Amino acid sequence: MMADISEATVQELQNALAMGLATHQAGDLGAAISCYERVLAILPGQADAHHYLGVALFQSGDAEAAAKHLEIAVAGKPDSAEAFNHQGCALLALARGGEAETAFRRACALNRDHAEAHFNLGTILQALEQPEEACPYLSHAVALAPDQTMWRVKLAEALRDLGDLTEAGIQLEAAIRLPGVPVDALFQRSRLRELTGMGRLARNDLMRCSILDPQNFRALNNLARGFMTGLQAGQAARVMNWAVRITPSDPMIRYNFANCLLASGDLGQGWLEFRWRHLKDEALVERRGLPPEWDGGAVKGGGLLIYQEQGIGDELRFASCLADAALAAAGPCTVECDRRLIPLFKRSHPSLDFIEKLPRDEGPPTTVDFTELVRTSNLAVHAAIGDLPRHVRATVEAFPDTRAYLLADDEARTVWKAKFAELGPGLKAGFLWRTGLASKIYAHYFFDILDLRPVFAIPGLVPVNLQYDECEEDLRRAESALGIRIHRPDGIDLRNDLDDLAALISELDVVIGPMTSVLALAGAMGTRCIGMNIGLDWTSLGTARQPWTPCMTVVHKGADRLWSEAVEEVAGMVRGLSAGSAMENPEPGSD
């Protein structure tokens, strides 16, 4: 094709391309785009013009047009790592992550020394939660460009997710020493320090972030969380109040503000802010066909619908409000709940109507239609189960001092009582050590089974596993390392047979573990339980106890000690218990 173009035209194309590059480098994207388009008007397949035009369009914000030109460019320049890297950037901006990853991999294969391509590929792999594959690419990028602060920060994040906290710390310290304002490096170092029990130093980093970047609400949010871990709820609330001023419409920030307010004892504003949880991404559900929202008073012309939300733990906790809500509504009450809880809830509240959680259309957005239920059940008003406390628990004094508010099945209790008797004398202690929803982000909120060593070492203690995910390897590891025998309850699915689990827990002497649904269930059944929490949260409502569950004691790890140290405190409490003591569990129906 070039043979059909005159020498003058070739010169014109070269001049236009050179002019495009010059204006492009000078920052005049409009002029550069015009030059590249002039080249393509004469020679539509010119790969360099497509390449540079794609870059200019991407920089001007038109990623879709950029991707089209860059696709042509890489076809015409199959050996250009630069073109493939630019194509990957455009595809990534279009949320075409798989294609972007392929482009970045091609760029890295073509040029081992292309630092940006290695960084981009490592970043994608990190976002895909593949830190073991991301680390070599990020590490190589940093080796090629050691003065890139953000690259070191990203490498540190991947190393942290791999569990290599030492090397992650080295990378962050190097990043902080680089010129400029290392806000991101300070922010990530604070998270690393939090993981390693250096809470005060973590807060110092976050305070520096806030000084260097006063509009950084993420830093303020984490600083407030640090104060909560440091058992300073009032200070946390003040920090979150400032974060709300910066970004007043962010649901997560408003929800975290509610968390701090409630933890500091401000139930008035706290319950109002708590309603922002409905707008969080992970909780956002479009509920159609609902009647008006309940105002907390007597209902006229129909019944009250209470709909299900959040997880099992919160559902169990808020169930302590059902009887009072029904009393305030002074009429029929229909409660949507998790199918696994229906037998337990029906037995405990026979005057209420419990229905299985209606099917959700996953969307997006997630939707559920209540129209038919509202019509057939004559429902006049609605309330989310998590909004009931605003109406019936407006103050801490409104919480009844009732040890058990849910009732286990009598026959099932008898069965479990007999099974535990077969284990011989000793304190029957149910335990778990983590949530069933594994997340690297929240891994430090929980502990390892071997951290429970001081509890397992208590003479006469009979450990009973209540961990409801796949955990046999951990159980055997503990038995081997500690020389103990852990009882595995047979004939029960600990995750799904919640009614039977309630009966089992009712026959234990004590339940120990993090603040998961199992601890919430133990508290609801009136079983003596010790919850282990990393710091304060809204459930304490500004008290030194759990108003929801008077039989529960909470031990806070705090900001500046390890889980193993918190477990020592728990072990001291357990030593003070004995099977058949005054702390024995209530009979069904007793307070």
- Query: Of (1) open to solvent by 30 Å² or more (accessible area, probe 1.4 Å); (2) within 21 Å of Asn221 (Cβ to Cβ); (3) in contact (Cβ under 8 Å) with a residue 12 or more places away in the chain, Leu201 satisfies all except one. Which?
  - Reply: (3)
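Here is a yes/no grid of residues against (1) open to solvent by less than 10 Å² (accessible area, probe 1.4 Å); (2) out of contact with any Gly (no Cβ under 9 Å at 6 or more places or on another chain); (3) in a strand (DSSP E or B):
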residue	(1), (2), (3)
Leu504	yes, no, no
Leu508	yes, no, no
Thr543	no, no, no
Val555	yes, no, yes
- Could you please tell me which pairs satisfy a Cβ distance under 8 Å, a separation of 6+ or placement on different chains, a first residue in the range 456-473 that is without any contact (Cβ under 8 Å) to a residue 40 or more places away in the chain, and a second residue that is of a type in the set (S, T, N, Q)? Cys471/Asn465
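Which of the following residues is under 30 Å from Cys551 (Cα atoms), surrounded by 24 or more Cβ atoms within 10 Å (Cβ to Cβ) and of a type outside the set (Val, Ile, Thr): Ala319, Ala323?
Details: Ala323 fails: surrounded by 24 or more Cβ atoms within 10 Å (Cβ to Cβ).
Selected residue: Ala319, the only one of Ala319, Ala323 that is under 30 Å from Cys551 (Cα atoms), surrounded by 24 or more Cβ atoms within 10 Å (Cβ to Cβ) and of a type outside the set (Val, Ile, Thr).
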- Item | strands (runs of 3 or more DSSP E) fully within the range 365-471 counting 1 or more residues that are over 29 Å from Trp563 (Cβ atoms) and open to solvent by 50 Å² or more (accessible area, probe 1.4 Å) | 367-369
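I need the full set of residues from the range 204-224 which are out of contact with any helix residue (DSSP H, G or I) (no Cβ under 6 Å at 6 or more places or on another chain) and either open to solvent by less than 60 Å² (accessible area, probe 1.4 Å) or outside any helix (DSSP H, G or I) (or both), in order please.
Our first condition is that a residue be out of contact with any helix residue (DSSP H, G or I) (no Cβ under 6 Å at 6 or more places or on another chain); within the range 204-224, this holds for 204, 207, 211, 214, 218.
Correct list: Pro214 only.
When you check Ala100 against the structure, is it part of a helix (DSSP H, G or I) and open to solvent by 50 Å² or more (accessible area, probe 1.4 Å), yes or no?
Considered against the rule, which asks whether it is part of a helix (DSSP H, G or I) and open to solvent by 50 Å² or more (accessible area, probe 1.4 Å), Ala100 comes out as no.
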- Note on the structure: Across (1) within 30 Å of His391 (Cα to Cα); (2) of a type in the set (A, V, I, L, M, F, W, C); (3) buried (at least 17 other Cβ atoms within 10 Å of the Cβ); (4) touching a Ser or Thr at 6+ places or on another chain (Cβ under 9 Å), Phe227 clears everything bar (4)
- Quick check: anything in the range 25-33 at pLDDT below 95, surrounded by 14 or more Cβ atoms within 10 Å (Cβ to Cβ) and not in a helix (DSSP H, G or I)? yes
- Restricting attention to the range 178-194, and to residues there that are of a type outside the set (A, V, I, L, M, F, W, C) and modelled with pLDDT of 90 or more, which single residue is farthest from Val142 (Cα to Cα)? Ser190
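The values are calculated or read from the model by the stated rules, or taken from the named source; none is laboratory data. From a predicted model like this one, the values you see are computed outputs, not experimental measurements. In this analysis, Cβ positions are derived from the backbone assuming ideal geometry, glycine residues included, and neighbour counts consider all displayed protein chains. With ligands, DNA and RNA removed, areas are computed over all heavy atoms of the protein, side chains included. Shrake-Rupley method; radii C 1.70, N 1.55, O 1.52, S 1.80 Å.
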